[in-house]
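Beneath this line is the structure, given in structure tokens, with notes to follow.
Please treat every number below as a calculation from the coordinates, not as lab data. This is a predicted model, so every value here is computed, not measured. Cβ: placed from backbone, ideal geometry, glycine included. Neighbour counts: every protein chain shown.
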Amino acid sequence: MTTMLGIDLTGRRVLVVGGGPVAARRVQGLVADGARVLVVAPALCEPLRDAHRWGQVEWRAREVLEADLDDAWLVHTATGDRSTDDQVAAWAAERRVFCVHAGRAAAGTARTPATTSLGDVLVGVVSTGAPDPARTLVVRDALAEHVRDVVADHLREGRVDVRGRRPRDAGRVVLVGGGPGDVGLLTLAGRRALAEADVVVTDRLGPVAVLDELAPDVEIIDVGKTPGHHPVPQHEIGRILVEQAQRGRVVVRLKGGDPFVYGRGGEEVLACREAGVPVTVIPGVSSALAAPAAAGIPLTHRGTVGALHVMNGHDGWSPAALVGLRDASCTVVVLMGVAALGDLAAEALASGVAPTTPVALVERATTPMQRVTRTTLERLEADALAADVRAPAVLVLGAVAAPDLLEPVNAHRAPDLTDPTMAW
């Protein structure tokens, strides 16, 4: 028998062994729950490096030792190496510490349930016998839909695995805009597309936690880029999409933000069309809009500014953006501009933009790792360096970025999402 309990991990140590994407997704939830997370791994993937850099987790950069379990209330092992995970699970059992074994659930003494939120209530489903992730996902989804009293709409909402079970002669590609990172900002149409996918080609950004909801036999291909490091070039991504679809598979290209807002979605559509592969696009919530909103920054505000300009920091300033900043008639949002902050600030100042122009930098918007840095144009480079601002981050310039803009009309401040005790 398996008993499902709600465990309060606030302020309690949780050991996570492993530094890859699976460990990162688990850590994100633990940080949001207020746990004191210790990560032990020789190297960390970028989301975990950011969590460590921002002081949200402790990191021991080496292989795991039995002593790492000291004072742990819960252990989660996700190294991808069966012998290492088995050894950690054995140590935990000897110490009577519950352990989640990501690679082989039956070898652990605890299991991560399939969960769904119903307002402020978290509903979870877990297997009582042999681990059966696919079954628990289906049961969870059916239960959630019943509670919401919309059972008839559950397929439309993409909450169950609705893939066809018969072989197909032809496949297709669906470009899905996943939004800035919070799974709740993934559209219903996007969830439905994922429920039909045989293979998901994903970036490092966007709602990667949704990948845990997919059936175990859905193939996941990671083509994520990091600043200055593009292991899978764009033409190769196009080739992957085409090749997978030509094998008769439904291919979902899950992208952060919106596919057609600096997401190279147009290039991927052209690659599919040139190969004769059917392709459709599901829009997503662009980080250009979502990041400022999550930070409590209105991009337009009556009596302050009524125009918006979005630009790519790699390409430098556009004349229209500089004019809008000089006469304070426009909010400018810069995507992919972290690496060019110094040049952007210097050029704007040289063109006559006021040094006191308010600026906000929003990192990892809508995730538990969100952080907002407020400064001015003349202090932008120095303050960003002092705060160790890293990509992905959205830069907002203009009067709306002033920290006290909303105080006269709204007493609530934007939450610090890096503080698990804060909420809207």
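Here are some notes:
- Cα centroid separation, the range 260-306 to the range 235-259 (Å): 18 Å
- Spacing of the two label points (7 Å from each Cα toward its C-beta) at residue 388 and residue 106, in nm: 4.3 nm
- Judged by the gyration tensor of its Cα atoms, with axes a ≥ b ≥ c, the range 289-401 is oblate; a/c meets the 1.5 cut and b/c is at least as large as a/b.
- Efficiency of FRET between residue 5 and residue 274 - r from beta-carbon atoms, R0 41 angstrom, step 0.05: 0.15
- If you plug the beta carbon distance of residue 95 and residue 53 into 1/(1 + (r/R0)^6) with R0 = 35 Å, you get a FRET efficiency near 0.70.
- Of all beta bridges that DSSP places with both ends in the range 289-401, some 75 percent have antiparallel geometry.
- DSSP-defined antiparallel bridges as percent of all bridges, the range 172-285, nearest 5: 10 percent
- Relative contact order (%) - the range 289-401, alpha-carbon pairs under 8 angstrom, separation at least six: 32 percent
- Taking the range 188-296 and dividing mean pair separation by its residue count, relative contact order in percent (alpha carbons under 8 Å, at least six apart): 28 percent
- Under-5 Å amide H pairs with residue 220, H placed in peptide plane, nonlocal only: 200
- Pairwise label distance in nanometres, residue 323 with residue 350, each label 7 Å out on the Cα-Cβ vector: 2.1 nm
- A simple spin-label model places the labels of residue 217 and residue 301 5.4 nm from each other, with each point 7 Å out along Cα-to-Cβ.
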